[in-house]
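A.B. asks: One structure coming up, written as structure tokens, with questions to follow.
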Amino acid sequence: MNDALHVATRPLFSPAPPQEDVARVETIFTMIRDDLGFLPDPIRLYSTSPPLLEALLGYVKYFRGHQRLSQTLTAMIRYLVSERAQCRFCIDLNEGFLVNLGADLDAVRAARVDMDKAPLDERERVLLRIAVTAMDHPELIGEADMQAARAQGWTDRDVFDAVVQAASNRSLNLILRTFKVEVQGSFD
């Protein structure tokens, strides 16, 4: 194993779906390119296992259409979780999403040092703090946090979903770092 904390290298392998799933994966790739205008390298990596690719896309679809958690909140959760996991790809991608959603770049970057500077209202910052804190220190989340969230009008499901968004992103961060997918264009 490499003892270096963060070394940019080439990916450990070039992803390819099993032969019997090539058409299925290409259909997914086309849909994503049409939606985003490009194919993110994590999607290419996940094509190695089409059922896991579909599960990942299910998570993405759920959170993109979330009825109560704003796109800015979910992107900020992903951004700060990625920053703490040192996943360059996800930091850059979510920073871009946040700016495209209208967030001020300086405010977004300031949140990396102080979560309370996140370009969100206090109501959303309550969920942001719970979700991000839970990734490194789940033992610190307690009844007082749940009560604070409820006092802001959040349901238990909202809190659960925010933490799942963070955990799902943390998992992706670790997968990308493990297989050395550091930046978009890693497979070019």
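A.B. asks: Throw me the Rg/Rh for the range 71-178, computed over C-alpha atoms with Kirkwood Rh, two decimals.
C.D. replies: 0.95
A.B. asks: Given the peptides 164-171, 29-36, arrange them by the average over their residues of other C-beta atoms within 10 Å, most packed first.
C.D. replies: Packing proxy ranking, top to bottom: 164-171, 29-36.
A.B. asks: Shifting gears a bit: Measure nothing but the geometry: give the 0 to 90° angle between the long axis through the Cα atoms of 156-178 and the longest principal axis through the Cα atoms of the chain, rounded to 10°.
C.D. replies: So the helix axis and the longest Cα principal axis differ by about 40 degrees.
A.B. asks: Related question: What area, in nm² and to one decimal, does the C-alpha convex hull of the range 31-106 cast on average over all directions?
C.D. replies: Mean orientational projected area (the range 31-106, Cα hull): 5.6 nm².
A.B. asks: Okay, moving on. Any chance you could get the radius of gyration and Dmax over the Cα atoms of the range 19-64, in Å?
C.D. replies: Rg and Dmax of the range 19-64, Cα atoms, are 10.1, 30 Å.
A.B. asks: State to the nearest 20 debye the size of the charge dipole of the chain about its Cα centre, where the only charges are +1 on K and R beta carbons and -1 on D and E beta carbons.
C.D. replies: Value, rounded to 20: 120 debye.
A.B. asks: Among Pro51, Ser171, Cys87, which residue has its Cα positioned farthest towards the positive end of the charge dipole of the chain, with +1 placed on the Cβ of Lys and Arg, -1 on the Cβ of Asp and Glu, and the dipole taken about the Cα centre?
C.D. replies: Pro51
A.B. asks: Using all alpha carbons of the chain, what is the percent of pairwise distances in each 5 Å bin, ordered from the shortest bin to the longest?
C.D. replies: The calculated distribution, bin by bin, is 1, 8, 15, 19, 19, 16, 11, 7, 3, 1, 0.
A.B. asks: Note the full-extension length gain between Ala16 and Val99 as 0.36 nm times their separation in residues minus their Cα-Cα distance, in nm to one decimal.
C.D. replies: My answer for the length gained is 26.7 nm.
A.B. asks: Report the relative contact order of the range 71-178, percent, no decimals, based on alpha-carbon pairs under 8 angstrom and at least 6 residues apart.
C.D. replies: Computed over the range 71-178, the figure is 33 percent.
We did not get these values from a lab; they are worked out from the coordinates using the rules stated. Note that the structure is a prediction, hence the values are computed from the model and not measured. Using ideal geometry, Cβ is built from the backbone for each residue, glycine included, and neighbour counts are taken over all protein chains shown.
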